[in-house]
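For reference, the structure is listed below as structure tokens.
Every read-out reported here was derived from the displayed coordinates using simple, explicitly stated rules and does not represent laboratory data. If you're wondering where the values come from, they're calculated on a predicted model, not measured in any experiment. Every residue, glycine among them, receives a Cβ derived from its backbone with ideal geometry; neighbour counts consider all protein chains shown.
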Amino acid sequence: MKKMSEKSCQGSTSSSNPPMGAVTICVSPRVLFNMETQPFSPGPASSFVKVLEVVNKELRDLCPESKELIKVVIITNDQVNVRQGLIESIKTIKDHELFIELRSMEDGESLINVLKANHADLYLSDQSTEVEEALGGGIAAATMFTPEKMAAVSETQLRVAFDGDAVLFSDESEQVFAREGLDKFNEHEKTHENTHMNQGPFKGFLEALGKLQKKFYDKGQRKKCPIRTYLVTSRGAGSSGTRALKTLRSWDLEMDEALLRSGAPKGPMLEKIRPHIFFDDQMFHVEGAKAAGVVACHVPYGKWVTTVKKRAPSLAL
């Protein structure tokens with residue numbers, strides 16, 4: 001156990017320099033701040049970013065020399081006066097536990113090149129065109145929406161909820177559902193129960209979170225881990241749900257909770273677990289999450305992302 005613990009805490013960093021091996025979350029300024037106010041007020045991503053400070057503090061307490069923390073990069077192409085407003089506003093939402101960098105894009109510079117240069121594990125924006133560009137470049141990305149009334153969330157534990165198909169997994173099964181309906185989908189999943197699905201755009205981000213979680217697990221502190229992950233899927237408890245769980249295990253990934261909704265709305269369950277952020281490829285479920293006070297993000301990934309919603313929204317995967 002001692003050797004395992006030492007290995008999980010390799011690397012070093014100081015509190016004054018950004019960590020080289022960090023999990024990097026890039027955001028557009030308008031998801032972090034409401035820039036219509038002066039000074040800028042917190043935006044929909046503020047609670048998510050704020051709890052990252054807690055995660056970093058717990059990681060430092062666990063592994064004081066570790067370089068594997070979390071940092072946030074704000075990517076903007078706004079003018080100088082807006083940049084100054086961002087600099088001042090950043091001071092109001094962070095302390096020394098969280099690294100927040102401001103990266104201004106130059107004229108003609110592409111978003112995807114900036115994201116890759118910053119080794120982005122996730123990109124959040126309020127602009128769907130930016131999100132589609134990032135996804136097209138192989139980076140986990142989502143369009144963030146603000147609920148009218150945001151539910152209270154934990155201040156001590158980061159909670160992230162993921163849909164399965166076209167988010168963690170590919171959209172192969174959604175294509176079957178969209179073309180042939182629910183019965184053929186169930187038949188397909190039963191036939192392929194032991195065939196692992198291909199990865200979706202958010203597998204890498206889940207892996208990054210899992211790597212941080214494992215530091216606590218390796219030291220026997222699973223219950224004290226400040227990160228908790230949830231699978232919230234319309235798949236059921238039969239072959240379709242089993243296939244999802246087997247796929248995660250084949251990747252050596254685990255979720256703290258797997259919530260198999262069997263086609264039921266996801267909003268009521270999300271209202272109970274109160275994640276800081278929820279990712280889904282179907283706007284029907286994004287709207288349900290918003291109605292429950294959850295900050296929801298749309299992942300426009302997969303061939304059938306709109307077709308499935310139009311055909312049978314209550315059963316969209």
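List of remarks:
- Overall form of the stretch 129-236 per C-alpha gyration tensor (a/c, 1.5; a/b vs b/c): prolate
- Inter-label distance for Ser250 and Tyr217, nm, one decimal - labels placed 7 Å from Cα along Cα-to-Cβ: 1.9 nm
- For the set Lys67/Lys219; Lys91/Lys272; Lys57/Lys223; Lys203/Lys246; Lys67/Lys215; Lys71/Lys272, the pairs lying more than 20 angstrom apart at their alpha carbons are Lys91/Lys272; Lys71/Lys272.
- For Phe169, distant residues with modelled amide H under 5 Å away: Gly200
- Zone of Lys190's modelled label, taken as backbone nitrogen in the stretch 218-237 under 20 Å from a point 7 Å along Cα→Cβ: 234-237
- Prolate/oblate/rounded label for the stretch 192-283 (Cα gyration tensor, a/c 1.5): oblate
- For the stretch 164-317, the share of DSSP beta bridges that are antiparallel, to the nearest 5, is 10%.
- P(r) tail for the chain: Cα pairs beyond 27 Å make up 43% of the total.
- Inter-part distance where the stretch 258-295 and the stretch 169-236 are each reduced to a Cα centre, Å: 15 Å
- Close amide-amide hydrogen proximity is noted between Lys67 and Ser12, each under 5 Å apart and 5 or more residues distant or on a separate chain (H modeled in the peptide plane; Pro and chain starts excluded).
- Semi-axis lengths, Å, the stretch 149-191, gyration tensor of Cα atoms, sqrt of 5 times eigenvalues: 33, 11, 9
- Relative counts (whole %) of C-alpha pair distances in the stretch 69-210, using bins that are 5 Å wide: 2, 7, 13, 16, 18, 15, 12, 7, 4, 3, 2, 0
- Dipole orientation for the chain: of the candidates Leu32, Pro300, Thr247, Thr247 has the Cα lying most toward the positive pole (charges on Cβ; Lys, Arg +1; Asp, Glu -1).
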